[in-house]
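No value in this document is a laboratory result; all are computed from the given coordinates. Note that the coordinates shown come from a computational prediction; the quantities given were computed from them, not determined experimentally. Reconstructed Cβ throughout: ideal geometry from the backbone, glycine too, with neighbour counts over all protein chains shown.
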Amino acid sequence: MRANPQAKSGRANHMPPDNWIYIQEPDVRIGRLQVFNNWSPDLLARTDQIWLGLEYFCQEGDDLWTMPDDKMLQFAAGELELIGMIEKADVLDGTVVHVPKTYPAYFGSYADFPVVRDRLDTLGNLYLVGRNGMHRYNNQDHSMLTAKLAVEAILDGTVDKAAIWAVNIDDDYHEERSDRSDAP
């Protein structure tokens with residue numbers, strides 16, 4: 001395996017030390033890259049191989065969404081090669097997963113969300129987690145933390161629902177939007 005100029009790393013696998021990376025190059029369509037090895041080596045059957053997740057932001061029915069899986073895998077490997085992350089010939093396998101409506105969308109009624117939350121919070125055995133469950137933009141770390149806290153609440157009762165809702169409410173994580181009167 002050749003050294004990866006993108007990695008700026010002397011690591012044996014030549015991959016960046018990051019868990020996930022937003023891709024900014026204008027000549028590719030990949031939006032985010034995950035290096036699953038960096039989440040935990042326990043996720044891998046073989047630590048001498050790299051497990052990557054590529055995320056493409058698309059719409060149901062568009063050209064990426066409808067691309068046959070084998071063509072999508074070739075396309076994705078080609079993009080990673082184009083930006084210098086891998087050599088396409090080194091790809092061993094791949095899986096395509098379509099996730100509809102991954103990002104929550106709000107159309108004029110987000111100000112009413114506390115009413116829905118208050119009602120759902122009365123259901124003792126329901127824990128809302130992640131982007132779609134909480135209807136808020138959480139990055140992956142925050143989404144996983146909400147799931148971890150929910151599991152702790154279920155298993156030993158040491159976490160209450162308020163603690164789950166407190167994830168990602170710091171101003172550091174939110175953009176200022178003075179043009180929206182309905183922003184939470």
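Rank these for me by crowding, 135, 142, going from fewest to most other beta carbons within 10 Å. Don't skip to the end; give the middle numbers.
Values: 135 15, 142 19.
Least crowded to most crowded, the residues run 135, 142.
When only alpha-carbon atoms count, how far does the stretch 103-160 stretch along each of its three principal axes, as whole angstroms with the largest first?
38, 26, 11
Compute, for the stretch 15-67, the length of the dipole vector about the Cα centre, with Cβ point charges of +1 (Lys, Arg) and -1 (Asp, Glu) only. Units Debye, rounded to 20. Numbers along the way, then the final one.
On the way: 3 positive and 9 negative charges, 36 e Å.
With only Lys, Arg, Asp and Glu charged at Cβ, the dipole is about 180 debye.
Along the Cα→Cβ direction, 7 angstrom out, place labels at residue 169 and residue 132. What is the inter-label distance in nm?
Spacing of the two 7 Å Cα→Cβ label points: 2.5 nm.
Give the calculated FRET efficiency between residue 49 and residue 99 to the nearest 0.05, with a Förster radius of 25 Å applied to their Cβ-Cβ distance. Walk me through the intermediate numbers first.
Values: r = 24 Å, r/R0 = 0.97.
Taking R0 as 25 Å, the efficiency between residue 49 and residue 99 is 0.55.
For the stretch 110-173, give the magnitude of the charge dipole about the Cα centre (Cβ charges: +1 Lys/Arg, -1 Asp/Glu; no others), in debye to the nearest 20.
280
Considering amide H positions built from the backbone, and no H for Pro or chain starts, which residues 5 or more places from residue 54, or on another chain, come under 5 Å of its amide H?
Hits under the 5 Å cutoff: 34.
Give, as a single signed number, the net charge of other residues whose beta carbon lies under 12 Å from the beta carbon of residue 72, with Lys and Arg counted +1 and Asp and Glu -1.
On the way: positive: 29, 71; negative: 63, 69, 70, 79.
Charge balance near residue 72 sits at -2.
Taking R0 as 22 Å, what FRET efficiency do you get between residue 66 and residue 27 from their Cβ-Cβ distance, rounded to the nearest 0.05? Let's see the in-between values first.
Numbers: r = 22 Å, r/R0 = 1.00.
In this case the efficiency is close to 0.50.
Which Cα, out of 80, 50, 23, lies furthest along the positive dipole direction of the stretch 20-90 (beta carbon charges, K/R +1, D/E -1)?
50
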